[in-house]
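Laboratory data are not the source of any read-out in this text; all were calculated from the coordinates shown. Keep in mind that this is a model prediction, so the values were computed, not measured. Note that each Cβ is placed from the backbone with ideal geometry, even for glycine, and that neighbours are counted across all protein chains shown.
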Amino acid sequence: MIDALAAEWWKLRSVRSTFAVFGTVAVFVILCVVWSLYAAHYWDGLSQARRATFESAPPEQPLAIALPVCAVLLGALPMTSEYASGMIRTSLAAIPRRPVLFCAKAAVPGAAMLVAALVGLTAGVVAGEAAANGRPMRGFDASFLDHVPYLLAMAVTTAAITLMTAGLAVVLRSTAGTITTGMAVLFVVPPVANLLPGPWGERVWAVLPESLAGQMASPPGASPTRDDLSPAVSALLLAAYVLVALGVGVRVFGRRDA
Amino acid sequence: MLDAVAAEWWKLRSVRSTHVIVSVAAGFAVFVVLLAVQQAHVWDGLDAAQRTRFLLRPLQELGGWVAQLCLGVLGVLAAASEYRTGMVRTSLVAVPSRSRFLAAKAVVVALTGLAVGEAVSIGCFLGARLAVGGRPFPDQRAPIAHDLPGFAVSGVAVAVFALLGLALGVLLRSAAGAIVAVVLLWHVVPLLVYHLPGPWNERLGSVMLSGLPTEIAGLSARQSIYGDLLSPPAAAAVLPAYALVPLAFAGLALARRDA
């Protein structure tokens, strides 16, 4: 298993797409910094009355929108790019035990994404705090420690999205199909859920993967507006999604010809 | 030129991804109509005050919005899949003029995007109207002929997305990279812009591609994440630019680079 992990790590760090994904994360961290500086500058120009009603997205907002996209990419490519090039057959010749290969292919990007999300989100929040520099701006006034539970929940959710995508990738085997399906779940399902009648819109929204981070640990200063799941239930739900996706992945990968 | 177009059409209609994409777009349109049936039931249970705020248009516009993503992916695949398999070299042997090669792809992708876009967009508009019957939703009182051009423009935006996807596919040569770029332009950047403090959220939100059809139709964007500062003619000028400028760059890159 260690050898399989090492091999996958070597592949991951040697392809250009990995650098593109983590480069995107880095660019969005810079956007977080620009965002915070601009918000602080904007706040300085406001009157006292406007400052009282000032509302801005928190400093990590740009990264929070981009992270799930990066997570889908990183989860899909290690699997689908080998199917596209046919190298999956070579990989299977080297590691004939398919559950081991699949788990390595999911675990390595998952761990990489977890680290990248933690580092990026921490950098974004720290930069926001530095930019706000003691200004009592709403969205920027929470201390770093208040952010910690939410940042952890976001990073874990991001890594979970990578793992789920790995399961989807082995079923679809197509880069375009996997990424588009992932984007549809991230961006199309929420507005559709919003249009569903009665309590169903909120129920569907509450169980979507990206909504779970905010329910596991609510962001500082946010008041729960919808009937949220409890932190324990949302964490269990996320774990269940990952286990189901990985289970389906192991089964499909074990049964089909490469 | 006609032969090149015929060849591209043959390729496009013979791959599985085209069928999947068109089926997903069509299936989503059916889903929108089903949701409209449900909205009609919700309407029946509302009192008069709630009814004045209950809109159907966000649902009708959802079909075109999803078709934008679907056809954007179709455009990407029209170029990127040939780079992945290496078949682009065979294609260029068959059609050595690279500008003609790109033009043929653009014609086929644009017409497919236009056909699917108009079918989905107008289908969602008329289907949802049919589904709610005569119920006087506050945004459905105008005659069909009055609202139809707006939805026709939204179908054109789908073709623009398809061409944008094609151009990005040629420029990036990677399905993953180009699809993500399409998704960024389609929803991620508008979402980021929406969170900017005013007045920049409205200014930048007005030039976002997905919001242009609303501006061309001269409607307010208050219910959406986009802005509505451009006049209809200005928005109508920006819309084709989103396809033509990337295509021009793609043409340059295709002519200069090895395949």
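So here's what we get for this one:
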| read-out | value |
| --- | --- |
| Separation of the residue A:5 and residue B:85 label points, Cα + 7 Å toward Cβ, nm | 3.9 |
| Lys/Arg +1, Asp/Glu -1 at C-beta; the range A:2-255 dipole; positive extreme among A:161, A:122, A:245 | A:245 |
| Average beta-carbon neighbours from other chains, 10 Å sphere, peptide A:183-192 | 5 |
| Whole-number percent relative contact order across the range B:180-259, with pairs defined as alpha carbons under 8 Å at least 6 apart | 23 |
| Within a Gaussian network of chain A (alpha carbon springs, distance under 10 Å), most fluctuating of A:120, A:182, A:134 | A:134 |
| Ellipticity estimate at 222 nm from DSSP helix runs (n ≥ 4, -39,500 (n - 2.57)) divided over chain B, nearest 500 | -25500 deg cm²/dmol |
| Cβ neighbours within 10 Å from other chains - mean over B:12-18 | 1 |
| For the range B:179-196, 3J(HN,Hα) per residue [Karplus equation, 6.51 cos²θ - 1.76 cosθ + 1.60, θ = phi - 60°, Hz, x = Gly/Pro] | 5, 5, 4, 4, 4, 4, 5, 6, 9, 5, 5, x, 5, 5, 4, 4, 7, 5 |
| DSSP-assigned coil residues among trypsin sites (Lys or Arg not before Pro) in the range B:162-258, each with at most 13 further Cβ atoms within 10 Å | B:222, B:257 |
| Cα shape, chain A, gyration tensor, a/c 1.5 rule | prolate |
| Cα-centre dipole for the protein assembly as shown with unit charges at Cβ (Lys and Arg positive, Asp and Glu negative), debye to 20 | 1360 |
| Inter-site label distance for residue A:194 and residue A:243 at 7 Å from Cα along Cβ, in nm | 3.4 |
| Alpha-carbon centroids, the range B:213-228 and the range A:145-206: separation in whole Å | 27 |
| Length-normalised contact order of chain A in % [C-alpha pairs under 8 Å, at least 6 apart] | 25 |
| Charged-residue dipole, Cβ positions (Lys, Arg, Asp, Glu), the range A:99-258 about Cα centre, Debye nearest 20 | 540 |
| Tensor-based shape of the range B:2-256 (alpha-carbon gyration tensor, a/c under 1.5 rounded, otherwise prolate or oblate) | prolate |
| Between the range A:1-57 and the range B:136-200, the Cα center-to-center distance that results, in Å | 24 |
| Karplus-derived 3J(HN,Hα), 6.51/-1.76/1.60, for each residue of the range A:82-90, Hz, glycine and proline x | 6, 5, 5, 8, x, 5, 4, 5, 5 |
| 3J(HN,Hα) from dihedral phi, the range B:8-19, Karplus parametrisation 6.51/-1.76/1.60, rounded to Hz, x for glycine, proline | 5, 4, 4, 4, 4, 7, 9, 9, 5, 4, 4, 5 |
| The range A:152-258, relative contact order in percent, only Cα pairs under 8 angstrom and at least six apart counted | 42 |
| Prolate/oblate/rounded label for the range B:182-231 (Cα gyration tensor, a/c 1.5) | oblate |
| Per-residue average of Cβ from other chains inside 10 Å of B:188-200 | 4 |
| Highest-MSF residue in chain B out of B:151, B:101, B:161 [GNM, Cα springs under 10 Å] | B:101 |
| GNM top mover of B:248, B:49, B:106 - chain B, alpha-carbon springs below 10 Å | B:49 |
